[in-house]
Amino acid sequence: MTEGHDGHLPGLPGDDSHNGSHDGHGELVPGPIADPGLPEHVWRPTDVDPKAEKRAERQIATLFGLSTVCVVLFVVSYIVFDVNGGGGGATVRTVGGLGASNVALGVTLAGALLFIGIGLIQWARKLMGDHEIVEMRHPARSSDEDREETLRVLALGADESGIARRPLVRNSLLGAVGVLIAPAVIMLKDLGPTNRDVTDSQPYIGAGLEHTVWEKGVRVVRDVVGTPIRTGDLEIGDLINAEPETIFEVDENGDPLLEGVPLQIAKSKAAVVVVRMDPDENNPAPGRENWAVDGILCYSKICTHVGCPISLYEKKTHHLLCPCHQSTFDLADAAKVVFGPAARPLPQLPLMVDADGYLVAQSDFKEPVGPSYWERDSQQSTSK
Amino acid sequence: MSIDTSKVASTNTTAATAKKPNPVGAAAEWADDRLGLATLAKKNLRKVFPDHWSFMLGEIALWSFVVLLLSGVFLTLWFTPSMGETTYQGSYAQLRGVGMSEAFASTLKLSFDVRGGLLMRQVHHWSAMLFVAAMMVHLLRVFFTGAHRKPRELNWVVGALLLLLGTLEGFTGYSLPDDLLSGTGIRAADGFVKSQPVIGTYMSFLLFGGEFPGDQIIPRLYIIHVLLIPGLLLALISAHMVLLVYHKHTQWPGPGRTEQNVVGFPMLPVYAAKAGGFFFCVFGVSALMGGLLSINPIWKYGPYDPSKVTAGSQPDWYMGWPDGALRIMPNIEGHFWHHTWSWNVFLPIIVLPMLLFTIVLVLPFIEAWITGDKRDHHLLQRPRNAPGRTATMVALMTLYAVFWIAGGNDIIAIRLHLSINQITYFNRAAVFVLPVVAYLITKRWCISLQRKDRDDLLHGYETGIIMRSPEGGYSERHLPLSTGRAFRLASRDRDPDVFGELPAGPDANGVEPPSGIGSRLAGVRHRLRKMMYADNIQPPTIDELEQGHHHAEHEHELQVPMEGHAADGHQFDGHHLVEGEKLRADD
Amino acid sequence: MRFLNRSAGRLSRHRRRPVAGLLLLMLGLVLTGSLYAAFAPSSQADSAQSDEELVEQGRKLFLVGCSFCHGQNGEGVLTEDGNQLGPTLAGVGAAAVDFQVGTGRMPAAQPGAQNPTKPVTYTQDEIDALAAYVASLAPGPAVPDPEDYSLAGLSEKEREEAVSRGGQIFLTNCTACHNFAGKGGAMPHGGQAPSLSDTSARHIYEAMLTGPGQMPTFSDGNLTPEEKRDVIAYLYSLREQPEYGGFDLGGMGPVSEGLFAWVVGIGSLVGFAIWIAAHTARSSKKKEEASA
């Protein structure tokens, strides 16, 4: 490694000396301008002026000192500020409408770190030696001798092992090691059941991609509050985010029928939107004329693209827009896709009115809810 | 008298002379006796690193990763990676009585009951964004300056893998709190998995432990996020650094810099101080952003619920472009043989990212195949001196940008009062048209800049002083470039000669040209080489430089009568530098 | 400066400070404004009108400002092509009028898919009159009382439950269009679900009740008055609580967060990098002793 100011390095013969370039035939052509060598070193004020040097030292020490001050302020902020006063935000300290704890801790921590960083860098820039030094590169490749020696050693080792002369041993080893991947892969099988397993064994209500908890007679209830819906509750233009009553049902002991994983799975397939429109504006698909009740229609809330719930409704155009990728469905036209990347209309839930006047389902959806999957057969109805 | 020295220990390394007791030295000796580190240290402590701001972009990524590790460990002390249902009764009043997963409840606890918890959450999230952004900026710098060429192609591959892993790490990370926004993203991810032909449903059920959402996905993402991917990241980052140290850093051409040397500052002390200081700056900026800028306010989103959603559902920015591709994809689905082929999901979200990532991964190899350049390169190229490469990357960036904009189409629509439908239609066309336009514009721009450099070398730089000759003609004074600058501009390789068609018969060494597929590939390669080199401006040869100087001399002769006159601007005669002259602007 | 070479006022100019002129101007403006505010005729309407008077006043206002699009009797106006210039107002109720006119959406500048908020044209009394007139055309939703959406009279615990339930209702019914923080969202063909940050409680209630424009109605059979109250309570709690994590960056989610990460984060760090690698100041002096 040579350290020096004068950077004139003779181009070694046979090297890719930079002081030339290659023409189309790979011949070395001398460059048009000779390398002037490393520029002469110019001193900084802190190198030549002791007062500037002392000033820089003081500046850097001050920066480090400020960092320490910030650390102290951090500790003080930690002790003084609570994040949330226990509710309502009334007793939380704020600064300019922002949470004081977060701002104070963040700004003081940032100060502590930044001052050290800036101090270190100023030290390097102003006071540390700034002579450019030169180090020679080495080619990335190993030397020819090393390569030959390695090959020789490899050949020796292979020869002593006899791997070349014993194909039976070698191939049977490769085969054995190769199939060793099988235990690793096969043990992952129990990561989860298959759709077939779940559909056949029904570990919870509505199990399987082709079923939901909806069935004949299940009431449509408002989401969150769980109250059933009468036809008279809805005006034209209303949109109700609804669920099957199964979601809110409790058994004799007062325990919810569905909780935990089965509840989430149920919601992810059974959530629906109920809209009321002028019956004249509705254009039902063939065979679906009696699926609506007096202009009240019920569609799956789960987008057929990749499964986001939809409830952006334009009541005048009857368009339902999914916020994720902007698939748009026309609810007056059997939820046909009118824009966006979804390829299938939303499944429709056939509605009827029960004896007490509440909206109930006639049956489960007639097709799988949610995103498409390989086995989904669009030609067959899946209703129970 | 003689002393019996036979019993004196002769295997000590030093004679038993009294030395000043030095604790650091003693510790170092103790360590070196066992580890032998001095050999390694002597080579590397004064290792030379060239100094340029664009070389520090990778450092932003490196230090962000350290910040992520530190803040991440903090978060693991309180986070519960479980989807078990709980009813919240903690200190954030608006969510009391609401059922949620343990993961979400513990994140609320971190945000509201752990002092500094929200700060660390936000520092972690901001530095994750910075991590991926810095990797991208670093990738662009490396590519534009040609630092991916031999011998650094493998380092490029490692880097591309780091980018992929960083993106996945971010996705798994922001999904852990199980809030409404990230849960919607996981729901979409389930849709992506399901769209795969043949294996889709199985993969979905294996991933989620059954039907969506199940209760397995958060714990599984957690272990991927805190153990598996960080392990891979650490290993790859180490490989990346080792290769960097072994190959030594590239440098810009300039006075004193050749392909055989590295000019810069030593690791100890200057580079270590600057890099260490930069670490504190990166950490400090993350902390400042974490303290002042709110990110992912999960208490406003609420826990994930499959029947709830928010407008403006986007993934974090680095997943924005596949989301955009998904949004603008036309709604094609195939129904064959009682099965569904979800092209509308599978193509943009599975096929496209894999394809683009593979292209990024093999870019150095494609370039090497096209150019046929097998030399080592340690000097960087200015982007303008590789117009084909620069234009290709700008076209790729434009493609990325169009997808990215498509991913934010609803936010753009409300901010700029546009229609999301129109934006989607525009993007469907733009994704094909704009990259081509960007390629053409960039290529011509680079070539114009090359022309300017060549003019500067041959005629000197423009001073802005206009002279009027007695006949009435106007000309601009030029001054010669400084030696350093001229050297820098002239020190680039001449591009190979690619004109004409490929020779039909055997070449100079008697080798027959390839036939069949080989000949077709060779034809493609030739056309690509022409695209790459044909329009470029070559650096001037010695003869051309001589001619340029001669021409300047000739001009100077015509101005001899005006020399010495105080009329302003005559100092700029193209031959004398004007430092030290008394110019009117100095008054 | 030398080019201001007028002789007049040259002496006094040097005694005056440069900011004096600006101060004088400000003083003049403040004085004029105060005088105007003190002496300008107030535009307060008469208070306590009877119902018929209110309806009659409303009708007069209606004829002047609304009938061009909505018809002389609020029956709606159709264009030649059969498109609607202004829909019929029979049955929209006082609540719709109070919302539309009170937020400045009406009078609309032109018929279109969506009417944005504008500065309010009428005083509250005039709006009440218009509302009374439209309500007289046909029965419709009435303007809510403040008690309908106030939490007064509830215990601390009930309040908390109301806010919590309101949040869940909000997240189920409203955030799909208006976003998690009520900052608004995109609808098809240039439509927009507006931001709720500056909307008053009464107007939010009326919007839910009447479903302005393309917004679906959340009639009392859909969301009961208590549920509407809970939603409003939740929205107000969002407004009142501090931004715990810092500036909310618009409350638009990951898109604005990504923008800030790039512009602020990468921008400042690249700025640091440029500073770190920049040449420091140089001196022309030389060091006396020979350097290594």
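Key figures
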| quantity | calculated |
| --- | --- |
| Quarter of the Cα convex hull surface for chain A, i.e. its orientation-mean projected area (nm²) | 42.8 nm² |
| Given chain B, longest segment not containing exposed loop GluC sites (Glu not before Pro) (DSSP; at most 11 other Cβ within 10 Å) | B:1-470 |
| Peptide-level mean, for B:130-136, of C-beta atoms on other protein chains within 10 Å | 3 |
| Per-residue Cβ neighbour rank within 10 angstrom, fewest leading, A:ARG58, B:ARG492 | A:ARG58, B:ARG492 |
| Ordering of B:191-200, B:435-444, C:89-98 by packing [mean C-beta count within 10 Å, highest first] | C:89-98, B:191-200, B:435-444 |
| Estimated vicinal HN-Hα couplings, Hz - the stretch A:120-135 in sequence order (Karplus 6.51, -1.76, 1.60; Gly, Pro = x) | 4, 5, 5, 4, 5, 6, 9, 10, 6, x, 10, 6, 6, 10, 10, 10 |
| Dipole in debye (nearest 20) - the stretch C:51-137, about Cα centre, beta carbon charges: Lys, Arg +1; Asp, Glu -1 | 340 debye |
| Whichever lysines have a C-alpha closer than 16 Å to that of B:LYS443, once near sequence neighbours (fewer than 8 apart) are set aside | B:LYS452, B:LYS530 |
| Cα coordinate range in the protein assembly as shown, projected on the principal axes (Å, largest first) | 119, 113, 86 |
| Computed FRET value (nearest 0.05) for B:GLU471 with C:LYS285, which takes r as the C-beta separation and R₀ as 56 Å | 0.70 |
| Of every Cα-Cα pair in the stretch C:146-240, the percent that sits beyond 15 Å | 59 percent |
| In Hz, Karplus ³J(HN,Hα) per residue of the stretch B:44-52 (6.51, -1.76, 1.60; θ = phi - 60°; x = Gly, Pro) | 9, 5, 9, 4, 9, 10, x, 10, 7 |
| Alpha-carbon gyration tensor eigenvalues x 5, square-rooted, for chain C, Å | 52, 34, 22 |
| Kirkwood Rh and Cα Rg combined as Rg/Rh, chain B | 1.07 |
| In the stretch A:160-222, the trypsin sites (Lys or Arg not before Pro) that fall in loop regions by DSSP, at most 16 other Cβ within 10 Å | A:ARG165, A:LYS216 |
| Per-residue HN-Hα couplings for the stretch B:165-170 [Karplus 6.51, -1.76, 1.60; θ = phi - 60°; Hz; x = Gly/Pro] | 5, x, 4, 5, 4, x |
| Two-site label geometry, C:LEU31 and B:ALA28: point separation in nm, points 7 Å out along Cα→Cβ | 8.0 nm |
| Relative contact order for the stretch C:124-262, counting Cα pairs under 8 Å that sit 6 or more residues apart, in percent | 28 percent |
| Kirkwood hydrodynamic radius of the stretch A:144-186, Cα pairs, Å | 12.4 Å |
| Average beta carbon contacts from partner chains per residue of B:460-470, 10 Å cutoff | 0 |
| Long-range lysine pairs (8 or more apart or interchain), chain C, Cα under 28 Å | 5 |
| Amide H contacts under 5 Å for A:LEU38, placed H, 5+ residues apart | A:GLY7, A:HIS8, B:GLY256 |
| Radius, Kirkwood style, for the stretch A:215-286 when every pair of distinct Cα atoms is counted (Å) | 13.7 Å |
| Spatially proximal aspartates and glutamates relative to A:LYS366 (Cα-Cα < 14 Å; intrachain offsets below 8 disregarded) | A:GLU210, A:GLU215, A:ASP377 |
| Trypsin sites (Lys or Arg not before Pro) lying in DSSP loop within the stretch C:227-292, provided at most 15 other Cβ fall within 10 Å | C:ARG282, C:LYS285, C:LYS286, C:LYS287 |
| Selection from C:LEU85, C:PRO225, C:ALA131, by position along the positive dipole direction of chain C (Cβ) | C:LEU85 |
| Ranked C:TRP262, B:TRP299, B:TRP337, criterion: other C-beta atoms within 10 Å, fewest first | B:TRP337, C:TRP262, B:TRP299 |
| Test item: B:313-325 mean partner chain Cβ contacts at 10 Å | 4 |
| Of all DSSP beta bridges in the protein assembly as shown, antiparallel share, percent nearest 5 | 95 percent |
| Nearest-0.05 FRET efficiency for B:ASP535 and A:THR231, computed from C-beta distance (R0 51 Å) | 0.10 |
| Square roots of five times the Cα gyration tensor eigenvalues for the stretch C:207-292, Å | 62, 14, 8 |
| Lys, Arg +1 and Asp, Glu -1 on Cβ, resulting dipole of chain C about Cα centre, debye, nearest 20 | 3240 debye |
| The protein assembly as shown, dipole about Cα centre (Lys/Arg Cβ +1, Asp/Glu Cβ -1), debye to the nearest 20 | 3660 debye |
| The protein assembly as shown: calculated mean residue ellipticity at 222 nm from DSSP helix runs of at least 4, using -39500 (n - 2.57) | -14500 deg cm²/dmol |
| Exposed GluC sites (Glu not before Pro) absent: longest stretch of chain C, with sites in DSSP loops and at most 15 other Cβ within 10 Å deemed exposed | C:81-287 |
| Residue order, fewest to most beta carbons within 10 Å, for A:ARG230, B:ARG141 | A:ARG230, B:ARG141 |
| Using a Förster distance of 56 Å, the FRET efficiency for A:ILE181-A:ASN253 (Cβ separation, nearest 0.05) | 0.65 |
| Extension gain from B:ILE359 to B:ALA38, taking 0.36 nm per residue of separation minus the Cα-Cα distance | 111.3 nm |
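Quick note: the coordinates plus some simple rules give every number you see, no bench work behind them. Predicted, not measured: the structure shown is a model, and the values here were computed from it. In this analysis, Cβ positions are derived from the backbone assuming ideal geometry, glycine residues included, and neighbour counts consider all displayed protein chains.
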